[in-house]
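The structure appears right after this line, and notes come after that.
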Amino acid sequence: MRVVLVHPAFLGDTVFLGPAVRALKARWPDAEVGLVVTPRGEPVARLLPGVDEVFSFDKRRADKGLGGMLRLARRIRAFAPDVALVSHPSARSGTLAWLARVPRRIGYAPLCNEPAVLDRGRPFVDRSLGLAARLGAPADDRRLVLEPPPGLEGYAEETLRGASGPVVGIIPGAEWATKRWGEGKYAELARRLHLHGATVLLLGGPGEREASARIAAASGVAVRDSTGNSIPEALALLARCDLVVGGDTGLVHCARALGRPAVLVFGPTDPGRHVFEPTARAVRIPLECSPCHDHGPERCPLKHHRCMVDLDVGAVEAQAVALLAGAAPGPAERGGEAR
């Protein structure tokens, strides 16, 4: 059997496909599993245990329009999948599976000949796991698992050479502005963690270089800044971190999948959409207006952004220090609650 999972979305969404891939392999060990993801998700998809083939769908650039979809559909057709699990609900995802002439198309998108109803209130990993179960591969294992990128041990070693104390990775960026805690808060957190004896490492994409430089300068302490490196390089560094702190964003979820303890700052999105490990802690403010969006709006609908603005640095610091000490984190302090 050959199965292709179609979910060309954000980086974190690629990580969330992992449990479904493992469920398919557990049910049919000889099955071949392919993933259709965005170019940003491709390096992560190749590190998910059980993935045999990855199809990069650059839906906004190189593969934009019908011509690009037809080219990719031919590649998928050459893979000869028996089933497509279309966990992304867009018409584009459903059309791609249809153009690839996959006989069985189980999913939430149009043109699936075995349609399913998407329950947006369920955790993200359950979206693809539910489709796998419908195919006949139920599973209870909802853990995020990612293998470290091969061949980058030397890069990570050199970047962290001379680091003293625990290494704490801070990921201040996010795809959506409303999921960013703020440069000033991350700078203050970096300063406090440095005083706790940590080596602070900033991580993020090329578009976040200037913000990270401002955070490093404002912290007033020695900070290592790797912002702008490739995703595999970032993953190699995350695999070496003793703790990772950031928002509800892809690299933070990658860190969780790499087995790293993590403190996640939540604002407009719902921590209940995730299945957290014992070493992961979500910190948020209980507001009537939060959560307000599935993945974070472009701007606060009420124009105050209190879910992030009012979230105190001390609340995040307390969880970080507790995890570094190996203790079970207690309730967040001053300006936030943990779950």
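The values are calculated or read from the model by the stated rules, or taken from the named source; none is laboratory data. Values in this document were obtained by computation on a predicted structure and should not be read as measured data. Ideal geometry is used to build each Cβ from the backbone, glycine not excepted, and the neighbour counts take in all protein chains shown. Side chains are part of the model used for accessible areas, which takes the heavy atoms of the whole protein and leaves out ligands, DNA and RNA. Shrake-Rupley method; radii C 1.70, N 1.55, O 1.52, S 1.80 Å.
The residues of region 178-187 that are open to solvent by less than 40 Å² (accessible area, probe 1.4 Å) and not in a loop (DSSP other than H, G, I, E, B), listed by number, are 178, 179, 186, 187.
Going through region 219-238 one residue at a time, which ones are under 24 Å from residue 279 (Cβ atoms) and open to solvent by less than 30 Å² (accessible area, probe 1.4 Å)? Passing the criteria: 226, 231, 234, 235, 236, 237, 238.
Only a single criterion out of (1) open to solvent by less than 20 Å² (accessible area, probe 1.4 Å); (2) touching a strand residue (DSSP E or B) at 6+ places or on another chain (Cβ under 6 Å) is not satisfied by residue 39, namely (1). When you scan region 164-182, how many residues do you find that are out of contact with any helix residue (DSSP H, G or I) (no Cβ under 7 Å at 6 or more places or on another chain) and on the phi > 0 side of the Ramachandran plot? The qualifying residues number 1.
In region 136-161, the residues that are under 14 Å from residue 18 (Cα atoms) form Cβ pairs under 7 Å with partners that are surrounded by fewer than 13 Cβ atoms within 10 Å (Cβ to Cβ), at six or more places apart or across chains, as follows: 145/49; 147/49.
Would you point out which residue out of 45, 97, 9, 20 is over 24 Å from residue 256 (Cβ atoms) and among the hydrophobic types (A, V, I, L, M, F, W, C)?
97
State whether one or more residues within region 63-72 are surrounded by fewer than 18 Cβ atoms within 10 Å (Cβ to Cβ), in a loop (DSSP other than H, G, I, E, B) and among the acidic types (Asp, Glu). No, region 63-72 contains no residue that is surrounded by fewer than 18 Cβ atoms within 10 Å (Cβ to Cβ), in a loop (DSSP other than H, G, I, E, B) and among the acidic types (Asp, Glu).
Could you list, in sequence order, all residues of region 42-60 that are closer than 19 Å to residue 99 by Cβ and open to solvent by 20 Å² or more (accessible area, probe 1.4 Å)?
Once the filter is applied, which keeps residues that are closer than 19 Å to residue 99 by Cβ and open to solvent by 20 Å² or more (accessible area, probe 1.4 Å), region 42-60 yields 53, 56, 58, 59, 60.
The single residue among 275, 252, 265, 316 that is in contact (Cβ under 8 Å) with a residue 12 or more places away in the chain and more than 18 Å from the chain's Cα centre (by Cα) turns out to be 316.
Considering only residues of region 1-33 that are in contact with a strand residue (DSSP E or B) (Cβ under 9 Å, 6 or more places away or on another chain) and assigned to a loop (DSSP other than H, G, I, E, B), which is farthest from residue 57 (Cα to Cα)? Checking each candidate, the answer is 28. Per the conditions (1) within 12 Å of the chain's Cα centre (by Cα); (2) more than 17 Å from residue 323 (Cβ to Cβ), the sole criterion not satisfied by residue 246 is (2). For region 112-166, the candidate set comprises residues that are β-branched (Val, Ile, Thr) and within 20 Å of the chain's Cα centre (by Cα); within that set, the residue that is nearest to residue 231 (Cα to Cα) is 145.
In region 2-36, what residues are over 14 Å from the mean Cα position of the chain (by Cα) and open to solvent by 10 Å² or more (accessible area, probe 1.4 Å)?
2, 22, 25, 26, 27, 28, 29, 30, 32
Looking only at residues in region 280-312 that are among the charged types (D, E, K, R) and open to solvent by 80 Å² or more (accessible area, probe 1.4 Å), the one that is modelled with the lowest pLDDT is 298. Among the residues of region 46-92, those that are under 15 Å from residue 35 (Cα atoms) and touching a Pro at 6+ places or on another chain (Cβ under 7 Å) comprise 47, 56, 57, 58, 59, 82, 88. Within region 188-201, being surrounded by fewer than 23 Cβ atoms within 10 Å (Cβ to Cβ) and closer than 15 Å to residue 214 by Cα holds for 188, 191.
Which residue is farthest from the chain's Cα centre (by Cα), if the candidates are limited to region 84-111 and must be farther than 17 Å from residue 59 by Cα and among the basic types (Lys, Arg)? Top of the filtered list is 101.
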